[in-house]
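**Student:** Pasting in a structure now, in structure tokens, and then I'll have a few things to ask.
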There are 2 protein chains.
Amino acid sequence: MSNTIALYPLSNFTFSTKEAQPEEDPSVSARLQRLQNNYEDFGMRRTVEGILVVHDHGHPHILMLQIANAFFKLPGDYLKPGEDEIDGLKKRLDDRLAPPSNSQQFDQNHGIDNDWEIGDCLAQWWRPNFETFMPSIGSGTYHGFTLYGGRRSISYPFIPAHITKPKECKKLFLVQMPERKVLAVPKNMKLLAIPLFELYDNAARYGPQLSAIPHLLSRYNFIYL
Amino acid sequence: MSNTIALYPLSNFTFSTKEAQPEEDPSVSARLQRLQNNYEDFGMRRTVEGILVVHDHGHPHILMLQIANAFFKLPGDYLKPGEDEIDGLKKRLDDRLAPPSNSQQFDQNHGIDNDWEIGDCLAQWWRPNFETFMPSIGSGTYHGFTLYGGRRSISYPFIPAHITKPKECKKLFLVQMPERKVLAVPKNMKLLAIPLFELYDNAARYGPQLSAIPHLLSRYNFIYL
């Protein structure tokens, strides 16, 4: 019955904050240049993100990061060349959401398991190129997730016809949350639990990748503990 | 590597026709009344449909039925009370697409395997009630898939909050097509191979269930034979 997944209530999870994690690039064009350079040096960019599911009053909710009170993203990031995707995703989830290392030390000393349980790959998104939709408003002002919003419009849940060398493959993995966990959120972000009914059919607010999560999860039967 | 699926080219499949399969009900209201009566007698309606995937020039295509040159549906139908969903889906696929029984006899005599290989459940769609959106145009004229179009608007890929007794659960299963197969299509329908890029982001034409198929398949890696 690998299609049955136990969900724990949102109230079982403890949220704290940690140091801000600013954007890597000072501008959209700097970001695109970096991606292009990395592609030339290392080949296709591989990104991994986690779909962390909990429940609230018996309805599934997805844990998502919100940046600048506006844009949503799943926890995760791109992998180093050759890095294993499961180990890499665990490390990215720790980077984004694990408490700072002194409390990790505390957990280890007290036998608290803070490993991540990575489940099925639920989706792959392919990006044929780095020419991003450039927002025409804002006259060049950089804003981390204006870029992110634009990027979404040119990824596809399949390799587009005639594309032999996609520039990025992003994999979304189900992350099975344990009964309890402490999560520490970078100060420049919020962690929100978004119900499936809010995501569904709501690409206008969440973009095509996040609004499709209800579809990706629909083959599972959830048990609400 | 259960995430890897071999696809055969559309040109490997042979299409013939068979007797028309008309709609079960004479009107929308008769249909809703029948569904309601069946729910009271037998409980939640269980429907199974197949996602049959082939490729054309290295891009995945889904085999879909088109009725009245307008509406699309996957092959499949509702199950009898207590009927096994995998066996039931195979029987519904035979009803819809297998050649008439004299040629089935021919196949059996010649050792041709016409069984269906049912793969993963890819999605479940839940229908909270039978009150269907009633098309306001057409002044009551019945048209099989005006109803179908309306129905789609009130199914969800999750059990909606506060719904304890959904009226229907429709499961979509991946059907792995063999290297070659003869399919016979009822005369009142067409069988079309729709590419993923046509379905994607196209709920306006295909409805929310069919347009989400690219998402459901995105976790698979296809091999084009």
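**Student:** Which whole-number percent is the relative contact order of the stretch A:1-101 (Cα, under 8 Å, 6+ apart)?
**Tutor:** Computed over the stretch A:1-101, the figure is 26 percent.
**Student:** Would you kindly derive the ³J(HN,Hα) couplings of the stretch B:162-175 from the backbone phi angles with the Karplus curve 6.51 cos²θ - 1.76 cosθ + 1.60 (θ = phi - 60°), listing them in order in whole Hz, with x for Gly and Pro?
**Tutor:** So the Karplus estimates, Gly and Pro as x, are 6, 9, 9, 10, x, 8, 8, 10, 9, 10, 9, 10, 5, 10 Hz.
**Student:** State the dimensionless ratio Rg/Rh of the stretch B:21-88 (Rg: radius of gyration of Cα atoms; Rh: Kirkwood radius).
**Tutor:** 1.07
**Student:** Assume the label is 7 Å from Cα along Cα to beta carbon: what separations in nm does B:Asp115 have to the matching positions in the other copies?
**Tutor:** Ordered by increasing distance: 3.8 nm.
**Student:** Now for a different question. Going by amide H atoms built from the backbone, whose H comes under 5 Å of the H on B:Ala123, apart from near neighbours?
**Tutor:** B:Leu172
**Student:** What relative contact order, as a whole-number percentage, does the stretch A:167-225 give when Cα pairs under 8 Å and 6 or more residues apart are counted?
**Tutor:** Rounded, it is 20 percent for the stretch A:167-225.
**Student:** Within a 10 angstrom radius of each residue's Cβ in A:207-218, how many Cβ atoms of other chains show up on average? Whole number is fine.
**Tutor:** Mean shielding by partner chains, rounded to a whole number: 5.
**Student:** Cross-link partners among lysines for A:Lys80, C-alpha distance below 23 Å, same-chain residues fewer than 8 apart left out?
**Tutor:** Filter leaves A:Lys90, A:Lys91, A:Lys165, A:Lys167, A:Lys170, A:Lys171.
**Student:** Net charge around A:Ala184, counting only other residues with Cβ within less than 11 Å of its Cβ (Lys, Arg = +1; Asp, Glu = -1)?
**Tutor:** +1
**Student:** Report the closest approach of any chain A C-beta to the axis of the A-to-B rotation: residue and distance, in whole angstrom.
**Tutor:** A:His215, 2
**Student:** With the label 7 angstrom out along Cα to Cβ, how close does A:Ile223 come to the same site in each of the other copies, in nm, nearest first?
**Tutor:** In nanometres, ordered from closest: 3.6.
**Student:** Net charge near A:Ala70, counting Lys/Arg +1 and Asp/Glu -1 over other residues with Cβ under 13 Å of its Cβ?
**Tutor:** +3
**Student:** Something else about it: Can you list residues whose amide H is under 5 Å from A:Ala98's amide H, if they're 5+ apart or on another chain and H is modeled 1.01 Å from N?
**Tutor:** Amide H to amide H, under 5 Å and 5 or more residues apart or across chains, A:Ala98 pairs with A:Ala184.
**Student:** In terms of modelled amide H atoms, which long-range or inter-chain residues lie less than 5 Å from the amide H of A:Glu168?
**Tutor:** It is A:Arg45, A:Arg127, by chain and number.
**Student:** Out of the stretch B:11-56, which GluC sites (Glu not before Pro) are coil in DSSP terms and have no more than 11 other C-beta atoms within 10 Å?
**Tutor:** Filter output for the stretch B:11-56: B:Glu19, B:Glu24.
**Student:** Another question, if that's okay. I need the inter-copy label distances for B:Ile86: point set 7 Å along Cα to C-beta, values in nm with one decimal, smallest first.
**Tutor:** Output for B:Ile86: 2.5 nm, nearest copy listed first.
Read-outs throughout are calculated quantities, based only on the coordinates presented, and are distinct from any laboratory measurement. The structure presented is a predicted model; accordingly, all values stated were derived computationally and were not measured. Every residue, glycine as well, gets a Cβ built from its backbone with ideal geometry; the counts of neighbours run over all protein chains shown.
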